[in-house]
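Structure first, commentary second.
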Amino acid sequence: MDIVRFVTPVRVGDILEFRAQITYVDIKNNKVRVRVVCETVSPTTGKSLTPDENTSNVFNLSYQVTKIKLKQVLPKTYKQSLLYLQGMRVMNN
């Protein structure tokens with residue numbers, strides 16, 4: 001784990017929802033870069049808080065993979081392309 005961004009505090013009693021996406025795969029070295037976004041959900045309504053306020057943390061994780069053959073992951077959107085380039089820079093340094 002290298003980059004952890006704390007965006008907003010989480011109140012006691014809030015529910016956390018985690019979403020993860022693979023941003024970069026290094027097939028030669030069997031490494032995977034994963035971005036995890038943690039969002040707060042209101043315990044009373046079960047819905048996400050307002051879009052600007054619901055992201056509490058962003059984690060960037062790197063994994064060494066064994067016993068599994070990796071497939072190349074390529075971005076489809078501009079936002080995914082930026083995450084791909086960021087992941088590639090970190091993994092290649």
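Only one of 18, 59 is free of Cβ contacts under 8 Å to residues at least 24 places away in the same chain and at negative phi. Can you tell me which?
Numbers: 59 fails: free of Cβ contacts under 8 Å to residues at least 24 places away in the same chain.
Just a single option satisfies the conditions, and that option is 18.
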For segment 17-48, give me the residue count where each residue is loosely packed, with under 15 Cβ neighbours inside 10 Å and either aromatic (Phe, Trp, Tyr) or more than 19 Å from residue 6 (Cα to Cα) (or both). 9
Starting from segment 64-93, take each residue that is on the phi < 0 side of the Ramachandran plot and list its partners that are in a helix (DSSP H, G or I), counting only C-beta distances under 7 angstrom and pairs at least six apart or across chains. 75/81; 75/84
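We did not get these values from a lab; they are worked out from the coordinates using the rules stated. Bear in mind the structure is a predicted one, so any value in this text is a computation, not a measurement. Here Cβ is always computed from backbone atoms with ideal geometry, including for glycine, and neighbour counts include all displayed protein chains.
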